[in-house]
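Enquirer: The structure follows.
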Amino acid sequence: MSETSPDAPLDFEALVVALLPLGPYHAALAPMVADLARIATLNTQLNAAFRRIAERSGFPEGAVHREHLAEDAEAVGTFFEYVHFASPSFLGSVGEWPLVGGRPLAGKASGDAHG
């Protein structure tokens, strides 16, 4: 396969849609596809990783499979995991969203607590 230019057109949204089912956070991240694609486009490391995955898989003509992630599996997996655990839906599920009023431990977390 030929090397693709970092400026070559790539449908990042479609690639995110193809990649999400390969990981455990598919359902939670599906509503965030546009945001995930925007971040992947703007982040140098993720942009390069997504482009390599697209090249290895022949995307968009070819389907993306786990083996196409190759050395980029960790970066992409970590990205999806981070966004999942920082998302309002996850934070809401553990009672941390929406942020309303002061947090009793906010001072301790920032080192302002006394005692």
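Enquirer: Sort out which residues of the range 58-81 are under 13 Å from the mean Cα position of the chain (by Cα) and surrounded by 12 or more Cβ atoms within 10 Å (Cβ to Cβ), and write them in order of number.
Expert: Asp72, Ala73, Ala75, Val76, Gly77, Phe79, Phe80, Glu81
Enquirer: Follow-up. Pick from Leu46, Leu42, Leu36, Leu69: which is farther than 15 Å from Leu20 by Cβ and of a type in the set (A, V, I, L, M)?
Expert: Leu42
Bear in mind that the values in this text are calculations on the coordinates, not laboratory data. This one's a predicted model, so the numbers in the text were calculated from it and none came from an experiment. Cβ coordinates were reconstructed from backbone atoms using ideal geometry, including for glycine residues, and neighbour counts include every protein chain displayed.
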